[in-house]
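Readers should treat all values here as calculations from the given coordinates under stated rules, not as data from a laboratory. What you see is a predicted model, and the numbers here were worked out from it, not measured in a lab. Counting neighbours? That spans all protein chains shown, and the Cβs are built from the backbone with ideal geometry, glycine included.
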Amino acid sequence: MIIQNGRKLVMIGDSITDFERARPVGEGLFEAIGKSYVGVVDAMLKVTYPQSRIRVVNMGTSGNTVRDLKQRWTADVLDLHPDWVSVLIGVNDVWRQFDSPLMPETHVPIGEYEATYEQLIQDTLKKVEGMILITPYYMEPSREDPMRRMMEDYARVVKSLAEKYHLVFVDLQAAFDAYFRHYSAQTIAWDRIHPNLLGHVLIARAILGAIGFEWQGD
C-alpha cells in the first residue's frame, strides 16, 4: 500500500465527504468521522491493517465548490499537517449551473475550476507525501444527459491534473458505470448525487484500490 504506516490522511470535499462529520475536525470517537466513504476507508484500514496506525480525518463541508475549498484550505488542510490529502470536489461546481441557472454567482466555470484546483495542488504538494484526486460524478447512466456531459468535462480536468503532477487518480464515474451494468442508479441515490451506504462503500472501494489496499493486509 502506498500510504505508509503512521501517516495522516486528510480527506476533503463537499457533502458527499461530509455526511455528518464532527466540527471543527472530523476525527475521534464514535461517529465523529461521519457516515460517508471516509468512515468506510478508515474502518477498512483499521481492520485490515491494524498495525499501520494510519490516521484518517474527514474535512468535508456540505455545499462546497472548489472556490470554497480555496477559502478554507489553509485551516482545514495545511494546518492539520497531513502526510496525504484526498480531494473529491466538483459536483456542486457543476450542479449549481443546473439547479440554480439564474444565480450565476454560484456557478464555477470550468476554467476557474481548473485554475483553482491546480493552485491548491501546487500549494500542497511541497508539504505532503502525496495526493489522491477523485473525480466528481453523476449517477445518470445516460451519457447524453446534459449534466452528466458537463460533469465528465470537469472529471477530465481532474484526470489531467493527476497526470500532470503524477498523483493518484480515482475515476468514480467509471466505478459507478460498472455497477450500473447490473443495478439501477436508484439503488444508490434518489438524487443521483448523495449515495447511501452501498454507494459510499463503492467510493471507498475505488479509493482503496487506487492506493494498493489488499484484503489480507500485511
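Treating the beta-carbon of each Lys and Arg as +1 and of each Asp and Glu as -1, no other charges, what is the dipole magnitude of the stretch 8-210 about its Cα centre, to the nearest 20 debye? With Lys and Arg at +1 and Asp and Glu at -1, about 520 debye. Dipole magnitude for the stretch 37-131: about 380 debye, using +1 per Lys or Arg Cβ and -1 per Asp or Glu Cβ, origin at the Cα centre.
Selection among Gln216, Leu161, His81 by position relative to the dipole of the chain gives Gln216 as farthest towards the positive end (Cβ unit charges, Cα centre). Overall, the ratio between the Cα radius of gyration of the stretch 127-184 and 2.2 N^0.38 Å, rounded to two decimals, is 1.25. For the chain, the membrane-span-like helices by this rule, meaning whole DSSP H stretches whose C-alpha atoms cover at least 18 Å of axis and whose Kyte-Doolittle mean is 0.0 or above, are 197-210; this says nothing about an actual membrane.
The residue list His194, His107, Gln51 was ranked by how far each Cα lies along the charge dipole of the stretch 8-210 toward its positive end, using unit charges on Cβ atoms, and Gln51 comes out on top. For the stretch 118-160, the fraction of C-alpha pairs farther apart than 17 angstrom is 44 percent. Here the stretch 86-218 has an Rg and Dmax of 15.5, 53 Å, counting Cα atoms alone.
In terms of packing, defined here as the mean over residues of other Cβ atoms within 10 angstrom, the peptides 151-162, 7-18 line up highest first as 7-18, 151-162. Helix-only arithmetic for the chain: the sum of -39500 (n - 2.57) across DSSP H runs with n ≥ 4, divided by the residue total, places the mean residue ellipticity at 222 nm at -13500 deg cm²/dmol.
Toward the positive end of the charge dipole of the stretch 8-210, with +1 on the Cβ of Lys and Arg and -1 on the Cβ of Asp and Glu, the farthest Cα among Val10, Met139, Trp95 is that of Val10. Computed from the Cβ-Cβ distance with R0 of 25 Å, the FRET efficiency linking Arg67 to Arg149 stands at 0.70.
Among 196-203, 174-181, 100-107, sorting by the average number of other beta carbon atoms lying within 10 angstrom of each residue, highest first, gives 196-203, 174-181, 100-107. The packing ranking, built from the mean of other Cβ atoms within 10 Å per residue, places the peptides 118-126, 62-70 in the order 62-70, 118-126, highest first. Here the extension length gained between Asp79 and Phe180 equals 32.4 nm, from 0.36 nm per residue of separation less the Cα-Cα distance. The count of lysine pairs in the stretch 1-143 whose Cα atoms are under 19 Å apart, excluding pairs fewer than 8 places apart on the same chain, comes to 6. Reported to the nearest whole Å, the Cα centre-to-centre distance from the stretch 37-95 to the stretch 98-119 is 21.
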